[in-house]
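A quick write-up on the structure given underneath.
The values are calculated or read from the model by the stated rules, or taken from the named source; none is laboratory data. This is a predicted model, so every value here is computed, not measured. So basically every Cβ, Gly included, is an ideal-geometry build from the backbone, and we count neighbours across all protein chains shown. These accessible areas exclude ligands, DNA and RNA; they are computed on the full protein's heavy atoms, side chains included. Shrake-Rupley method; radii C 1.70, N 1.55, O 1.52, S 1.80 Å.
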Amino acid sequence: MDFDAALDRALTRLHDEGRYRTFIDIERRRGQFPHAVWTRPDGTEKPITVWCGNDYLGMGQHPAVLAAMHEALDATGAGSGGTRNISGTTVYHKRLEAELADLHGKEAALVFTSAYIANDATLSVLRSIFPGLIIYSDALNHASMIEGVRRGGGEKRIFRHNDVAHLRALLAADDPAAPKLIAFESIYSMDGDFGPIKDICDLAEEFGALTYIDEVHAVGMYGPRGAGVAERDGQMQRIDIINATLAKAYGVFGGYIAASAKMVDAVRSYAPGFIFTTSLPPAVAAGAAASVRFLKTAEGQKLRDSQQLNARILKMRLKGLGLPIIDEGSHIVPVHVGDPIHCKLLSDMLLEQFGVYVQPINFPTVPRGTERLRFTPSPVHDPKEIDALVGAMDALWRHCALNRAEISA
């Protein structure tokens, strides 16, 4: 086989379809987020404003987080030195897991290197723990959940997105004695819509199923202590396994699950994705714990309120321009473009002409024909930055609309 030719064909296909992904080389500067510096391919630099980051509350720059990381770095050094089972468990990991268990009102928590790994490792190992387990998965679940369900083998059922009636029909059609688990998300990140948590928990109780929720885009952001949408809606105690991240609202790195002590112990003992992976550096665990701790407080609530206000303002102003906003009530602000080439063009022009950085979202992250720009306003985006973004979108949207019309003609 001509491997080089096969690689060329694969990459050319991405370019031809307008969905080749380009890394933007940016440098975040301490204390200045969302401002950063973009290094162009020719080596020149341009100041930019980041509008697509997942550091939703700016905690990656927060003094309490940085101080905790400096303390742990000076005390322990850089790496953890091993897996959690072999020399890689420190006091910082234990403190972080205690903070997370407390956050979600669970007996225990287990930290992974990412929420992707936490989803994949946990969902794939559950059938070893519960033989014959049937997993019911929302059609729009994250790729990490899909991969975990697939790798675990066994029976699975895919229910239409947020369609509780379809889920009920699938549950009712299966053997009542079979062990069951319903896997879904609290916020689906591409449209920003919410999962029907209470209705799914009601069905789980009716059919004797476990519940597994991904709160990745909600922890730190919702609920009186930032535990997520399940906390906000008073449903947290009805969830058996909560998955979430430390890399978005908490501004650091890593993922975790929170559950009963027995559930966590079983996953810890059986999941290869946990057993055979080097643990987080202690400084990262310390920073994450400090971030979780801070966002439980009234000061954390002020950040959440400010972020939600900025999201509402941005949605209102973009809607005022007539842009096709997908508004499901969450903090995520997607603008539907519907074409990968125009989506990339808009992104490139915003960056080069206006210093606005927002990454195009194309297939396979979203279905073909639903390509979009996905804005993530934060408490540290001030009114002038919102003005600049709205002005840029106003100018470029009309420009791209004219281009589309010319191409169609």
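A Förster distance of 45 Å, applied to the separation of the beta-carbon atoms of Asp202 and Leu309, puts the FRET efficiency at 0.90.
Extension gain, Lys384 to Lys319: 0.36 nm times the residue separation minus the Cα-Cα distance gives 21.6 nm.
A Gaussian network model of the chain, with springs between Cα atoms under 10 Å, assigns the largest mean-square fluctuation among Leu110, Leu295, Leu323 to Leu323. Each of Phe3 and His399 was given a label point 7 Å from its Cα along the Cα-to-Cβ line. The distance between the two points is 4.3 nm.
Structural size metrics of region 280-409, computed from C-alpha coordinates, are Rg and Dmax of 17.4, 59 Å. Pairwise alpha-carbon distances in the chain exceed 26 Å for 58% of all pairs. Measuring between alpha carbons in the structure, the pairs from Lys180/Lys302; Lys106/Lys156; Lys302/Lys344 lying more than 29 angstrom apart are Lys180/Lys302; Lys302/Lys344. Stretched out straight at 0.36 nm per residue, the stretch from Asp348 to His166 would grow longer than its current Cα-Cα span by 61.4 nm.
Ordered by solvent-accessible area of protein heavy atoms (1.4 Å probe), largest first, the residues Lys315, Lys94 come out as Lys94, Lys315. With the cut-off at under 18 Å, measuring from each backbone N in region 45-86 to a point 7 Å along the Cα-to-Cβ line of Thr365 picks out 49-57. Taking the Cα centroid of region 117-178 and of region 319-364, what is the distance between the two, rounded to the nearest whole Å? Measuring centre to centre over Cα atoms gives 32 Å.
When peptides 70-76, 101-107 are sorted by average Cβ neighbour count within 10 Å, with the highest value leading, the order is 101-107, 70-76.
Need one word for region 1-139: rounded, prolate or oblate. Basis is the Cα gyration tensor (sqrt eigenvalues a ≥ b ≥ c); a/c below 1.5 gives rounded, then a/b vs b/c decides. Verdict is oblate for region 1-139. Tell me whether region 220-275 comes out rounded, prolate or oblate; compute the Cα gyration tensor, take square roots of the eigenvalues as a ≥ b ≥ c, and use a/c under 1.5 as the rounded threshold. In terms of gyration-tensor shape, oblate. Roughly what angle does helix 63-76 make with the longest principal axis of the chain, taking Cα atoms, 0 to 90 degrees, to the nearest 10? The angle comes out at about 60 degrees. Cα-based values for region 1-60, radius of gyration first and Dmax second, are 16.9, 52 Å. In angstrom, the C-alpha Rg and Dmax of region 267-352 are 20.0, 54.
Evaluated at q = 0.18, 0.26 Å⁻¹, a Debye calculation over the C-alpha positions of region 46-119 (equal weights, vacuum) places log10 I(q)/I(0) at -1.01, -1.33. Normalise the Cα radius of gyration of region 162-296 by 2.2 N^0.38 Å (N = residues in it) and let me know the number. So the Cα radius of gyration is 1.13 times the expected 2.2 N^0.38 Å. The heavy atoms of Met190 present about 40 square angstrom of accessible area, all protein chains included, probe 1.4 Å. For helix 340-354, what angle does its Cα long axis make with the longest principal axis of the chain, in degrees from 0 to 90 and rounded to 10? Roughly 70 degrees, rounded to the nearest 10. Relative to the longest principal axis of the Cα atoms of the chain, the long axis of helix 298-320 makes an angle of roughly 40 degrees. Between region 17-40 and region 195-252, the C-alpha centres lie 31 angstrom from each other. Candidate cross-link partners of Lys248 among the aspartates and glutamates, defined by an alpha-carbon separation under 15 Å and a same-chain spacing of 8 or more, comprise Asp55, Asp214, Glu215. All Cα-Cα distances of region 228-320, cut into 5 Å bins from zero to the largest, leave 2, 10, 14, 19, 20, 14, 9, 6, 3, 2, 0 percent in each bin in turn. Residues whose amide H comes within less than 5 Å of that of Thr376, counting only those at least five positions distant or on another chain, are Cys52, Gly53 (H built at 1.01 Å from N in the peptide plane).
Its DSSP H runs of at least 4 residues, each contributing -39,500 (n - 2.57), put the calculated 222 nm mean residue ellipticity of the chain at -14000 deg cm²/dmol, to the nearest 500.
Ordering of 42-52, 283-293 by packing is 283-293, 42-52, highest average first (other Cβ atoms within 10 Å, averaged per residue).
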